[in-house]
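Notes follow once the structure below has been shown.
The values are calculated or read from the model by the stated rules, or taken from the named source; none is laboratory data. Please read these numbers as outputs of a predicted model, since none were measured by experiment. Please note: Cβ atoms are built from the backbone with ideal geometry, for glycine as well, and neighbour counts cover all protein chains shown.
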Amino acid sequence: MTYELLTGLAAFAFASSITPGPNNMMLLASGANFGFRRSIPHMLGIGIGFTLMIVLVGIGLIGLFDAFPLSHTILKFAGVGYLLWLAWKIANAGMPKAGSNARPMNFLQAAAFQWVNPKAWQMALTAITLYAPDRSIWAIGFVAGVFGLINLPSVSTWTVLGQQMQRVLSSPLRLRSFNIFMALLLVASLIPVLYPGVL
């Protein structure tokens, strides 16, 4: 891989990882509701789950979508449905109470979520198409590695931001308003997926 291609890949990985999307909106809400430490499994699940997703897309899933384009459409709308359900859950979340069962997403849930996250699919398909066009194991591994190194610190930024907001969100009314706003942002993050070219 040339220096120019590596620079382009790193810039794409950073821009796509740090910009608002379903993962980042959920981590912002998780940081605000549960704090940074309790959100670590969620962040690791995103970072590792997405890196694995790039590898699997590169070694074969992209071929499935080429052969059966309808499967990509079905997956996209299943992901949209799941994200709408998550937005509803976030909007209706209250203040965590001692002894309540409220908890952030765990590692496996966050890793599995990547498979229904429309933005993650777009990122993985674009990364493999542009930066590993020959689909060699080395190129796929390299693209996945670059994303793995850049993605985790990028998404963690949103959790830190959410945690910093905890002081402001100390009243139930403010937290409720924040959660509704985060749910609306999560829904808004679907616009580029459903209507490419609108934003």
- [ ] Would you mind finding the one in GLN109, GLN166, GLN122 that is farther than 28 Å from LEU6 by Cβ, assigned to a helix (DSSP H, G or I) and among the polar types (S, T, N, Q)?
- [x] GLN109
- [ ] Looking only at the stretch 167-187, count how many residues are within 10 Å of ALA29 (Cα to Cα) and not hydrophobic (A, V, I, L, M, F, W, C).
- [x] 1
TODO: Pairs only if they're at least six apart or on different chains, beta carbon under 7 angstrom, first in the stretch 59-70 and more than 22 Å from PHE142 (Cβ to Cβ), second at pLDDT below 85 and surrounded by 10 or more Cβ atoms within 10 Å (Cβ to Cβ); list them, first residue then second.
DONE: LEU64/SER71
Task: the stretch 75-95 residues that are at positive phi, paired with ones that are surrounded by 17 or more Cβ atoms within 10 Å (Cβ to Cβ) (beta carbon under 6 Å, 6 or more apart) - done: none
- [ ] Evaluate the following for LEU86: is it among the hydrophobic types (A, V, I, L, M, F, W, C) and either surrounded by 16 or more Cβ atoms within 10 Å (Cβ to Cβ) or touching an Asp or Glu at 6+ places or on another chain (Cβ under 9 Å) (or both)?
- [x] yes
Open item on the list: Looking only at the stretch 1-47, how many residues end up being closer than 21 Å to ILE180 by Cα and outside any helix (DSSP H, G or I)?
Closed with: 4
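Do we have any residue at all in the stretch 33-41 that's over 11 Å from the mean Cα position of the chain (by Cα), modelled with pLDDT under 90, under 30 Å from VAL168 (Cα atoms) and crowded, with 20+ Cβ neighbours inside 10 Å?
Restricting attention to the stretch 33-41, the residues satisfying the condition of being over 11 Å from the mean Cα position of the chain (by Cα) are 33-41.
Subsequent filtering for residues that are modelled with pLDDT under 90 retains 33.
Narrowing the set further to residues that are under 30 Å from VAL168 (Cα atoms) leaves 33.
With crowded, with 20+ Cβ neighbours inside 10 Å added as a condition, the list becomes 33.
Yes: one or more hits.
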